[in-house]
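Note sheet for the following structure.
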Amino acid sequence: MTGIRYSALDVAARLELPPPTLEQQRVIEAPLAPALVVAGAGSGKTETMAGRVVWLLANGLVTVPQVLGLTFTRKAAGELAKRIEKRILLLGEKGLLDTELDPFDAPTVSTYNAFANTIFRDNALLVGRESESQVLGEASAWQLARSLVVASSDERLAGLGRSVDSLTEAVIALSHALGENVAEASRVETMAERFLDLASLPSAKGSSYLSVTTATAAVAALPPLLDLAERFALEKERRGFVEFSDQVALALRVCETQPGVLEEHRERFRVVLLDEYQDTSVVQTRLLARLFAGTGVMAVGDPHQSIYGFRGASAANLGRFPDDFGAASGSTFTLSTSWRNPVRVLDAANTVVDELSRASKVEVGRLRPRDGAPEGAVEVAFGETLVDEADQVALWFRRALEVPDADGEKRTAALLFRSKATLPAFVEAFTRAGVPHHVLGVGGLLRRPEIVDLVSCLRVLHDPSAGSELIRLLAGARWRVGVKDIAVLRRVASWLFAHDHAQKKLPDDVTDRFRSSVSPGEHGSIVDALDFVGTAPTSHTQLEGFTSEGLARMRRLARQLAFLRNRIGLDLVDLVALVTQEMLLDVEVAAASGSLHGGGYLQAFEDELAGYVATDESASLAGFLSWLAAAERRDDLGPRSDASERGVVQLLTVHGSKGLEWQIVGVPRLVEGELPGTSREGRGWLSFGQLPFEFRGDAGELPVLPWRGVDDQKEFDQGLKVFEAELKERHLQEERRLAYVAMTRAQDDLLLSGSFWATQTKPRNPSPYLVELVEAGIVPQEALPDAPDSDENPLAELSRTLTWPFDPLGKRRAAVESAAEAVRRAPADAGRWTGDLELLLRERAAGRERASLVGLPQRIPASRFRDFVNDPAAVAQALRRPLPERPYRATRLGTLFHSWVEERYRPTGRGEMLDAGAFDLDVDPEEGPQQRVAADAPVDADDARRLADLQATFERSEWAEREPVDVELEIHLPLGTRTVICKIDAVFEREGRFQVVDWKTGKAPRDAADLAQKQLQLALYREAYSAYRGIDAESIDACFYFVADDEVLEPDRVSDRDELERLWAAVESGSAGRPA
């Protein structure tokens, strides 16, 4: 490149930044042509990308708006954008920019999906789609696919022997695979039909090979699943939905059919940075190559950190980059200095990944420590049993957390699992050792005792086969029914199983047919048995085996469940709130935590529920429960963006840890069969609902099954064995990458642990990764025992003699019983302590009174002002414990109408409200909380019809012909010691006066008194606009326009500033809402 004024070192010196390394200099100063950067874990790729942008700007090779940066998560995009923008400001301050810095110029930094979505939405009409297509979230996609499965009349589905939820998951996965690999369902179905001909090939054995039978059975499921996947895609298009995966495919379609879009983007972005390129899917790669091949595009990635192959990512993309983007020879760079890890951790990570480096098609540099890097520590704890291992890990973390960091702060920590199957053992060990810990994700939430109880109750209400969940309720802290009574309940279930509805014994052949059934719940249900116990006469012979107290408790529980079951038709949010209250779960949490505010996990569950419900007004309990189960399975497999917590051990999967770092890291279960885990690849695409490899974009890097042209079943069987061996080898490479990612999360100390015995009947030997570390001299030989001390599993006896049910008081029992006994023995008159006790009780009551008080928020929405004035208690309750609100149709309709009016008046669109929390936004409570309408909330036909009616009414109104002077104007009005947020819909000017108008899609006021209360909102708007314009409030009129009724209402009287201040002063003093 010509015209270079500054080197990378010059720019760093002028900006007073650390000088880049030689590797970083090469990357930063690379020509504006396709280039690939292989960046190891923690090698400063974000800093280097920011440095490249700054260097290009300083040398006048690009301008700020010509910069595009893409990555995978919003967290990563935010960090990259912040780094680049900060450096650009420094450039301006140091006078290194050719032109004056425009504050409105900014680089485009986004996620891959958001970038693709922008292309699609801007050009949707060109490919026959609506630009306002609603984004279909994970929960709503699940609901839609499940509804199609349930409604299907395809007889082939019954022969698959799969549950509705299993079919739903397969349909969604197959739909995504088709989209991400740009594959046609019809071609896949044709291939599947040809594959089934293998069953007719001759067999030397005289009977079909099991491998052929199994393979053809799996592929035979593809045609009906493909039909459902196509229906799923058509239904999304019909309803105007797109999923995140659809956005990329649709953007690719735009780019392939509209040359002008390509030219526009190539002209607009002269430098393109592609982060985490190893995690891109085939369709993402095709889109990016179509857009930016041959331009100044730089892809940054690490094949050793490619751990998301199961969701479409392909590490082979790095090797194909030169061909895809037209990169010249010598355009591959490396970053191999680790700025994160200490020396010993790097030694361990390099040892584990050396095998992959040697086999990689892309040259990967061995990670080197930075100058002055600390030594760090790599320790191994290998116990006899899982319990021993968990205890050793907990004690190690407790000791490590006692050591502060260099700034004297508590350190961050994480325990990273290959699988969460053994997580409960470590949670119990942390609890015993008193180590603060936090299980991340939905999976962690669903393991909380109060959430387990809540979900168990919901399953019992829905499913008569939920026997395990009912036993949890029966034996739990609330009901505490004993084992003997539960056994009698099981006998009652068996008795009911053998009798009809009239309690007459069924014929033996009928019960035999029931017994041979594979359907759940057809072998007798203790849920049904409990219903029977709750309603049977006390003289019934089947009740004779129960203890009197056990029977009384069961009958009370049965009545409560019947009460809740009768209300199962309630709105889902209301039903879950009712179950929480009726089962006293909030009380149990308060008692266990010792705090009235200990229900954080219940509120988190309500948030998950609200997100699910927001996608569909007909959301059902059955769908929600099945979605929870699927969400728990998927929750462990994606990158997380949770902030680290000082002094707390976060527990999550290795997949979830990608892109994160902690000062202290532990990796448990480093044993054969767990890390590395047993291959899940199995037979690859010869598994239920899998897309055949030949239709995948990375087919060239995948094992090939030679099934075409085989002469007999034996030849196929032999080829299949080779195919399976290659799949197993690919799986072991993936496991090695997981171990590398886990180890390189550690900034200070790393613990690797394992044990011989868990739940299996044979001991599990140390992981080959641990053996390699011993051979490399990184950990001492004595750290790994040669063999277990026991020939049989020591935990086997424990698993046969568990204490059950658990004591709800646990370790607190002795203290609680002692205190209770002391209270019972205490005399009514405490003598000389009576006065002190009375004062202490009053102090406690006063403390509880203070705890119930809630401070006023600093920012008050104008639409809530009258609630603060008239009903402060209700507002305080909402602030104390905000409940998820159902996004009713009126909510969506109001939002749609306001957006339409705004677009009509101001084509440039709505400005984003920054830093607005749930209680900050000025939205009309009667029209619903507009900010809670999910981005993927469906707009059904009825919504569209009602919106069209409102639009037609508006077009006939006086406002249609008038031009506003301001629209959707947000003004912050100081009032007392608070700020009132006023969101004014529109302001018109007529004959020298201004008129503030508030659009209403709800019902008009019931009477004059109701209008008098509503006028407070207009009064605030009038005062706010007066301050904004610097004009007298008396020259401003205000009115409501109720669109549905086509009625303009202007209050006879609007409060002035003095009255508003007097009302608010009463609120701040605590006297608002009290009778005079």
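Below is a table of values for the structure above.
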item	result
Selection count where residues are of a type outside the set (A, V, I, L, M), touching a strand residue (DSSP E or B) at 6+ places or on another chain (Cβ under 6 Å) and more than 19 Å from THR895 (Cα to Cα), scope the range 967-992	4
Answer from ASP1032, ASP1052, ASP1045, ASP1010 - the residue that is modelled with pLDDT of 90 or more and at negative phi	ASP1032
Selection count where residues are of a type outside the set (Val, Ile, Thr), in a strand (DSSP E or B) and under 28 Å from ALA349 (Cα atoms), scope the range 37-81	2
The range 219-269: number of residues that are aliphatic (A, V, I, L, M), within 30 Å of ALA158 (Cα to Cα) and more than 31 Å from the chain's Cα centre (by Cα)	2
Selection count where residues are closer than 26 Å to ASN350 by Cβ, part of a helix (DSSP H, G or I), modelled with pLDDT of 90 or more and touching a strand residue (DSSP E or B) at 6+ places or on another chain (Cβ under 7 Å), scope the range 289-321	1
Criterion (in a helix (DSSP H, G or I) and more than 25 Å from GLN278 (Cα to Cα)) met by exactly one of ILE88, ILE84	ILE88
Conditions (1) within 30 Å of ARG320 (Cα to Cα); (2) outside the structural domain of LEU784 (by TED's automatic domain parsing); (3) of a type outside the set (Val, Ile, Thr); number of the one not met by ARG418	(2)
Test result for ARG447, charged (D, E, K, R), at pLDDT below 95 and surrounded by fewer than 22 Cβ atoms within 10 Å (Cβ to Cβ)	yes
Restricting the range 385-425 to residues that are crowded, with 20+ Cβ neighbours inside 10 Å and aromatic (Phe, Trp, Tyr), the residue that is farthest from the chain's Cα centre (by Cα)	PHE397
Selection status of LEU395, assigned by TED's automatic domain parsing to the domain that holds GLY569 and not acidic (Asp, Glu)	no
Some residue of the range 176-188 being within 28 Å of GLY137 (Cβ to Cβ) and among the polar types (S, T, N, Q)	yes
Yes/no for GLN733 being outside the structural domain of SER203 (by TED's automatic domain parsing) and either under 19 Å from VAL771 (Cβ atoms) or without any contact (Cβ under 8 Å) to a residue 24 or more places away in the chain (or both)	yes
Residue match in the range 4-20 (condition: within 19 Å of LEU101 (Cβ to Cβ), basic (Lys, Arg) and either touching a residue at least 40 places away in the same chain (Cβ under 8 Å) or in a loop (DSSP other than H, G, I, E, B) (or both))	yes
Residues being more than 20 Å from MET49 (Cα to Cα) and part of a helix (DSSP H, G or I) - total across the range 94-112	0
Pairs where the first residue, in the range 966-986, is touching a residue at least 60 places away in the same chain (Cβ under 8 Å) and over 25 Å from SER1069 (Cα atoms) and the second is of a type in the set (Val, Ile, Thr) and not in a strand (DSSP E or B), C-beta under 9 Å, 6+ apart	VAL967/VAL901; GLU968/VAL901; LYS983/VAL923; ASP985/VAL901; ALA986/VAL901; ALA986/VAL965
Those residues of the range 145-165 which are more than 11 Å from LEU225 (Cβ to Cβ), surrounded by fewer than 18 Cβ atoms within 10 Å (Cβ to Cβ) and not aliphatic (A, V, I, L, M), in sequence order	SER147, SER153, GLU155, GLY159, GLY161, SER163
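Yes or no, residue by residue, for (1) of a type outside the set (D, E, K, R); (2) more than 30 Å from GLN713 (Cβ to Cβ); (3) not assigned by TED's automatic domain parsing to the domain that holds GLY309:
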residue	(1), (2), (3)
PRO202	yes, no, yes
ALA220	yes, no, yes
PRO224	yes, no, yes
ASP227	no, no, yes
GLU235	no, yes, yes
HIS265	yes, yes, no
GLU276	no, yes, no
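Table: residues versus (1) crowded, with 18+ Cβ neighbours inside 10 Å; (2) over 33 Å from the mean Cα position of the chain (by Cα); (3) closer than 28 Å to ILE664 by Cα; (4) at pLDDT 95 or above.
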{"residue": "ARG730", "(1), (2), (3), (4)": "no, no, no, no"}
{"residue": "TYR740", "(1), (2), (3), (4)": "yes, no, yes, yes"}
{"residue": "GLN781", "(1), (2), (3), (4)": "no, yes, yes, no"}
{"residue": "ARG800", "(1), (2), (3), (4)": "no, yes, no, no"}
{"residue": "VAL816", "(1), (2), (3), (4)": "no, yes, no, no"}
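The values are calculated or read from the model by the stated rules, or taken from the named source; none is laboratory data. From a predicted model like this one, the values you see are computed outputs, not experimental measurements. We place every Cβ from the backbone using ideal geometry, glycine too, and count neighbours over all the protein chains shown.
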